[in-house]
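Below: one structure, written as C-alpha cells.
Nothing in this text is a laboratory measurement; each read-out follows from the coordinates by a stated rule. These figures come from a predicted structure and were not determined experimentally. As a convention, Cβ positions derive from the backbone with ideal geometry for all residues, glycine included, and neighbour counts pool all protein chains shown.
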Amino acid sequence: MSEDRSRFKIKKGDIEIEYEGKSAEVTARYKEAFEWIKTVTVTPLKPEPTETRPKEKESEKKKEEKRGGPRTGVISPAIDELIDEGFFNDFKTAAQVLEELRRKTVPVSTVMPVIMALNRRVPKKLDRIKDEQERWVYRKKTK
C-alpha cells in the first residue's frame, strides 16, 4: 500500500519554501506559495566565486594598493644623485641617508623605502657591510 503523499520546494534568492504532506493539500499550498513568491522582491544572490575570479580581483587590489605607496620613483633618483655628489665616499647608515634626503626635501617619511632603494644599488654602485653596532652601512663601490 502506498500513501498519497507529495512534497515541493521553491527557492527565490534567500527565501526557500518546502512543504510535504497529502497530495491534495500540497497542491493547494504550492499554488499559494507560488503566487506569494512571485510578488516578493529579493536582492539577487552574489555568484559564487570561481577559481579565476578571486585571483583577478586580488591582482587588481594589488595594483590599486601600489598607488600611493613608497615613493621609490622619487627616492631612487635622489640616492643616485647622492652617489654622484660623493655623499657615499664614507660609510653611511640608512638613517643618515634618510636625514640627507629630508634635508634635500625629498618626500620620504620612513627609513624602509630608503633601505629598499639602497639595497637595489648594492651589487653595482654600493658596498654594504655591518659596522661595530651590527648596523648595515653603505659606501660607494671602489673601482
If R0 = 25 Å, then Ala95 and Val122, at their Cβ-Cβ distance, give a FRET efficiency to the nearest 0.05 of 0.90
Taking only the alpha-carbon positions of segment 72-140 and ignoring solvent, what does the Debye formula give for the base-10 log of I(q)/I(0) at q = 0.19, 0.24 Å⁻¹?
-0.66, -1.08
My understanding is that a pair violates if its Cα-Cα distance is over 20 Å; which of Lys92/Lys141; Lys11/Lys38; Lys104/Lys130 do that in this structure?
Lys104/Lys130
I want to check the label-to-label distance for Thr39 and Asp4. Put each point 7 Å from Cα in the C-beta direction and report it in nm to one decimal.
3.0
Which of the peptides 23-29, 115-121, 13-19 is most tightly packed, and how do the rest follow, going by the mean number of other Cβ atoms within 10 Å of each residue?
115-121, 23-29, 13-19
Karplus (6.51, -1.76, 1.60) ³J(HN,Hα), θ = phi - 60°, over segment 130-140, in Hz, Gly and Pro reported as x
9, 8, 5, 8, 6, 9, 6, 10, 10, 9, 4
